[in-house]
1. Are any of the residues in the stretch 17-29 modelled with pLDDT under 95, over 22 Å from ARG148 (Cβ atoms), within 16 Å of the ligand (Cβ to nearest atom) and more than 15 Å from the chain's Cα centre (by Cα)?
2. Out of the residues in the stretch 122-150 that are within 17 Å of GLY82 (Cβ to Cβ) and small (Gly, Ala, Ser), which is farthest from the ligand (Cβ to nearest atom)?
3. So which residues in the stretch 88-121 are part of a strand (DSSP E or B), within 16 Å of the ligand (Cβ to nearest atom), closer than 21 Å to SER150 by Cβ and in contact with a helix residue (DSSP H, G or I) (Cβ under 9 Å, 6 or more places away or on another chain), if there are any at all?
4. Where the second residue is among the aromatic types (Phe, Trp, Tyr) and near the ligand (Cβ under 9 Å from one of its atoms) and the first is closer than 24 Å to GLU7 by Cα and modelled with pLDDT of 95 or more and lies in the stretch 69-88, which pairs have Cβ atoms under 6 Å and are six or more apart or on separate chains?
5. Quick check, is GLN53 loosely packed, with under 15 Cβ neighbours inside 10 Å, touching an Asp or Glu at 6+ places or on another chain (Cβ under 9 Å) and not small (Gly, Ala, Ser)?
6. Considering only the stretch 102-134, how many residues are surrounded by 14 or more Cβ atoms within 10 Å (Cβ to Cβ) and either over 14 Å from LEU153 (Cα atoms) or of a type in the set (S, T, N, Q) (or both)?
Amino acid sequence: MAQQRGEIKRRSLDLARDYDVLLEMEKLSWEINFPQFSFSEKGFRVSLISGVQARYEEIYVYERGNELVGWLWLDLSAPRKGGHIRRVQVKKEYWGQGLGRQILWDAISICAERGCRAVTLNVTKSNERAVRLYTGLGFTVVEDFGERQSMRLEIPSFKREPQKRK
Ligand SMILES: CC(C)(COP(=O)(O)OP(=O)(O)OC[C@H]1O[C@@H](n2cnc3c(N)ncnc32)[C@H](O)[C@@H]1OP(=O)(O)O)[C@@H](O)C(=O)NCCC(=O)NCCS
């Protein structure tokens, strides 16, 4: 995917500028995916900083106009196993508009460009919106952890984004 697709534009994370918006999305994601655990802002901040500093991790935000509407965190340290999506989140007021799908397409494209043979992620089974998003793109369950599951998409088999009609 190019830098720009439709209405959203990707750029690298600017931690100081973007942190508060990411924190808001992370807190909601935590409530949805880990309702039995309390959220630790310190834990989030520390792991995010380590992600920014890690050589094989890439963190992007997506903007519509000047508004940050979603973000993506990729671990690309094991391309043979697959690029791993550590976070994909969209601001709640924009859910259901196809932004999650666009960010996923972008994630798959980035992984393909970095030479990964697959894309992997872990998801809470009760998170129906996310599971449907991944399944719709062709991800399949490869491991069951009880409340959570690991999913994988082989890159050659992913369903490409339909071309826009001219
Ligand atoms: C999961 C998330 C990224 C999806 O973002 P989104 O912008 O709403 O996704 P989309 O609009 O592209 O919708 C994708 C799919 O969700 C599914 N979906 C949409 N509305 C839904 C609903 N009300 N209930 C269940 N599934 C729904 C559909 O399958 C849809 O695909 P379709 O339109 O082709 O049918 C977003 O809800 C989010 O940020 N959640 C909190 C963070 C999180 O849980 N992230 C995933 C962790 S693994």
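1. Narrowing the stretch 17-29 to residues modelled with pLDDT under 95: none.
Within the stretch 17-29, none of the residues are modelled with pLDDT under 95, over 22 Å from ARG148 (Cβ atoms), within 16 Å of the ligand (Cβ to nearest atom) and more than 15 Å from the chain's Cα centre (by Cα).
2. For the stretch 122-150, the residue satisfying everything is GLY138.
3. To start, the set of residues in the stretch 88-121 that are part of a strand (DSSP E or B) comprises 88-90, 118-121.
Then drop every residue that is not within 16 Å of the ligand (Cβ to nearest atom), which leaves 88-90, 119-121.
If we keep only those that are closer than 21 Å to SER150 by Cβ too, we end up with 88-89, 119-121.
If the condition is that a residue be part of a strand (DSSP E or B), within 16 Å of the ligand (Cβ to nearest atom), closer than 21 Å to SER150 by Cβ and in contact with a helix residue (DSSP H, G or I) (Cβ under 9 Å, 6 or more places away or on another chain), then VAL88, GLN89, VAL119, LEU121 are the ones that fit.
4. VAL69/TYR94
5. Values: loosely packed, with under 15 Cβ neighbours inside 10 Å: yes; touching an Asp or Glu at 6+ places or on another chain (Cβ under 9 Å): no; not small (Gly, Ala, Ser): yes.
Criteria not met by GLN53.
6. Filtering the stretch 102-134 down to residues surrounded by 14 or more Cβ atoms within 10 Å (Cβ to Cβ) leaves 102-112, 116-125, 127, 130-131, 133-134.
Keeping just the survivors that are either over 14 Å from LEU153 (Cα atoms) or of a type in the set (S, T, N, Q) (or both) gives 102-103, 109, 120, 122, 124-125, 127, 130.
Result for the stretch 102-134: 9.
The values are calculated or read from the model by the stated rules, or taken from the named source; none is laboratory data. Bear in mind the structure is a predicted one, so any value in this text is a computation, not a measurement. Please note: Cβ atoms are built from the backbone with ideal geometry, for glycine as well, and neighbour counts cover all protein chains shown.
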